[in-house]
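Notes follow once the structure below has been shown.
What follows is calculated from the coordinates using simple rules that are stated; it is not laboratory data. Treat the numbers as computed from the prediction; the structure is a model and nothing was measured. Virtual Cβ from ideal backbone geometry, glycine too; neighbours counted across all protein chains shown.
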Amino acid sequence: MGHFIPFSFFSGSLFARKVCQVYLPAGYEDGEDNRYPVVYLLHGLNGDETSWTVKGNAEATLNAMMAAGELSESIVVIPNDGGYGHGTFYVNWYDGTGRFEDYFLYDLIPAIDREFRTIADRTRRSLVGLSMGGYGAFSLALRNPETFGAAGSIAGALISTSLLTPQEYRSETPRIMGPLHGPYAKQLDLHVLAAQRVREDLRPALHFNCGRGDYLFPANQAFKALLDQIGYEHEYLEFEGEHQWSYFAEHLSDALRFVERELHG
């Protein structure tokens, strides 16, 4: 069966040593010529590269889906978000604290493609994330469609700065996104990004699901309404459930099945 191994690499963007978890499918060691698609699996606030394996049962889910033919044999990478504060949102911070999108694009992905037998192409590279990682998956994909072919969000923080009130725009958010109505915040606004991308030829396929009892459910509904309005094709599913690991673990398979259909179907 497939299994996760730790993989360490150096990040020039953050000038730091980083570690990620890499799932190698069952057949990886059998043929030195075989190359594999890659899924990047992103954690949420207060998480790290161990969250999906320790709390989310990711290895068992991947093994079961690949054994059943629901998911092609794939390399799955669980990175750290960069490790600053409670969560980086996988973006370059406005205040200069850290370039966490650069770390992902220019440190992590090249290291994975160099070390492992990946298919290094957008048509075989995808992102799936929970909560903050759902935002990260959509932000990275919509901002870099030449790098990622599909993205999935599970109970994602699918926020639009244009819909936030000044009371909600507090804590570390101004450090990340700058002024609420400024140009930097617009570059990180999923509603703005989707509206820009829908007019382009390269358009990442999007899946998102959320529990009806989740505090992020209204944000997911608002994002679906926006995608419907602008005509951006997507898959949206809603279930009973709250913002907790039992929901994330159960519905990881929904996002992975979508990736399989879009990129490998």
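Given the rule -39500 (n - 2.57) for each run of at least 4 DSSP H residues, summed and divided by the residues of the chain, what is its mean residue ellipticity at 222 nm, to the nearest 500 deg cm²/dmol?
About -8500 deg cm²/dmol.
Considering only the other residues whose Cβ falls under 14 Å of the Cβ of residue 222, what net charge follows from Lys and Arg at +1 and Asp and Glu at -1?
-4
If you place +1 on the Cβ of every Lys and Arg and -1 on the Cβ of every Asp and Glu, how big does the dipole about the Cα centre of the chain come out, in debye to the nearest 20?
Using only the charged Cβ atoms, the result is roughly 640 debye.
List the lysines whose alpha-carbon lies under 28 Å from that of residue 18, not counting same-chain residues fewer than 8 positions away?
Candidates past the 8-residue exclusion: 55.
Between 60, 68, 141, find the one with the highest GNM mean-square fluctuation for the chain; connect C-alpha pairs within less than 10 Å.
In this elastic network of the chain, the residue with the biggest mean-square fluctuation among 60, 68, 141 is 68.
Please work out the C-alpha center-to-center distance from region 73-90 to region 160-194 and express it in whole Å.
Measuring centre to centre over Cα atoms gives 21 Å.
Hey, fewest Cβ within 10 Å first, where do 75, 5, 109 land in order?
Result, fewest neighbours first: 5, 109, 75.
Consider just the alpha-carbon atoms of region 65-156 and return their Rg together with their Dmax, both in angstrom.
13.6, 47
Would you be so kind as to identify which of 180, 65, 147 lies farthest towards the positive end of the dipole of region 3-264, taking Lys and Arg as +1 and Asp and Glu as -1 on Cβ and the Cα centre as origin?
Of the listed residues, the answer is 180.
For the chain, set up a GNM with springs between Cα atoms under 10 Å and report which of 55, 18, 186 has the largest fluctuation.
Among 55, 18, 186, the largest mean-square fluctuation in the Gaussian network model of the chain belongs to 55.
To the nearest 20 debye, what is the magnitude of the charge dipole of region 1-142 about its Cα centre, counting +1 on the Cβ of each Lys and Arg and -1 on the Cβ of each Asp and Glu?
Computed charge dipole of region 1-142: roughly 240 debye.
Using the per-residue mean of other Cβ atoms lying within 10 Å as a proxy for protection, in what order, highest first, do the peptides 126-137, 150-161 fall?
Top of the packing list down: 126-137, 150-161.
Two decimals is fine: what is log10 I(q)/I(0) at q = 0.08, 0.12, 0.14 Å⁻¹ for the chain, from a Debye sum with one equal scatterer on every Cα and no solvent?
-0.28, -0.66, -0.92
For region 3-264, with the dipole built from +1 on Lys and Arg beta-carbon atoms and -1 on Asp and Glu ones, taken about the Cα centre, which of 234, 192, 248 lies farthest toward the positive end?
With unit charges placed on the Cβ atoms, the residue in question is 192.
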